[in-house]
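Just so it is clear, none of the values below were taken in a lab; they were calculated from the coordinates. Keep in mind that this is a model prediction, so the values were computed, not measured. Ideal geometry is used to build each Cβ from the backbone, glycine not excepted, and the neighbour counts take in all protein chains shown.
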Amino acid sequence: MEILSNNVCLFCKIASGELAARIVFEDEISVAFLDHRPVFPGHCLLIPKEHFETLADLPAKLIEPYFKNAQLLARAIESGMQADGTFVGMNNKVSQSVPHLHVHIVPRRRKDGLRGFFWPRTKYKTEADAELVQSAIREAVSELRK
Ligand code: DGP
């Protein structure tokens with residue numbers, strides 16, 4: 001499949017491998033990686049490889065495979081992070097800091113303190129911590145794809 005990319009877009013650069021990211025899943029149409037400023041460890045972003053700015057721009061033929069992958073990742077992030085559930089959502093235009101469509105998938109735990117949409121961000125303390133989280137989600141994805 002030919003992937004149309006925008007050479008100034010940050011997430012196109014991640015999709016093409018030009019910019020490093022902690023990839024947890026990839027297929028022909030999409031790639032998912034750890035958000036570098038997670039709400040909680042394991043917070044991932046799923047992007048289409050092709051450059052579309054918002055959900056409204058996503059072609060009909062990609063809706064099913066893209067959201068099927070969002071479902072797979074929601075399951076994998078819940079199991080891989082031993083979470084109670086997930087938050088799955090996206091900003092479109094308003095509060096969208098990167099203009100390349102991305103679904104946020106955030107592991108949630110009961111009483112984790114999140115309220116509303118003013119979510120504090122954290123950082124992985126070390127690269128080793130981020131690597132552990134990346135491996136846990138990658139393994140959960142492979143289990144679910146068996
Ligand atoms: P939003 O604000 O909904 O557009 O979310 C954009 C997210 O992208 C935000 O949570 C931080 C994340 N992000 C921005 N730049 C990078 C990057 O270079 N690498 C990674 N891994 N995440 C990024």
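Just a few scattered comments:
- Qualifying chymotrypsin sites (Phe, Trp or Tyr not before Pro) in segment 108-146, where qualification requires a DSSP coil assignment and no more than 11 other C-beta atoms within 10 Å, comprise F117, F118.
- Over all orientations, segment 38-114 has a Cα convex hull whose mean projected area works out to 5.3 square nanometres.
- For the chain, lysine pairs with C-alpha atoms less than 24 angstrom apart, excluding pairs fewer than eight positions apart on the same chain, total 14.
- Stokes-Einstein D (µm²/s) once Rh is taken as the Kirkwood radius of segment 2-59 over alpha-carbon pairs, at 10 °C in 1.306 mPa s: 134
- Cleavage-rule hits, trypsin sites (Lys or Arg not before Pro), segment 6-113, DSSP coil, Cβ neighbours within 10 Å at most 15: K93, R109, R110, K111
- Rounded to 10°, Cα long-axis angle of helix 60-80 versus longest principal axis of the chain: 20
- Computed label-point distance, nm, for sites R75 and L58 using a 7 Å Cα→Cβ extension: 1.8
- Counted by Cβ distance under 13 Å from E143, the other residues give a net charge of +2, where Lys and Arg count +1 and Asp and Glu count -1.
- In degrees, nearest ten, helix 127-145 long axis to first principal axis of the chain (Cα): 70
- Between the listed residues G85, P59, L144, the Cα displaced farthest toward the positive end of the dipole of the chain, a dipole computed from Cβ unit charges relative to the Cα centre, is found at G85.
- Annotation: Cα Rg of the chain relative to the compact-globule expectation 2.2 N^0.38 Å equals 1.00.
- The chain: relative contact order as a whole-number percent, Cα under 8 Å and 6+ apart: 29
- Within the chain, the cysteines lacking any other cysteine Cβ closer than 4.7 Å to their own Cβ are C44.
- Dipole magnitude (debye, nearest 20) for segment 1-124, charges at Cβ of Lys, Arg, Asp, Glu: 720
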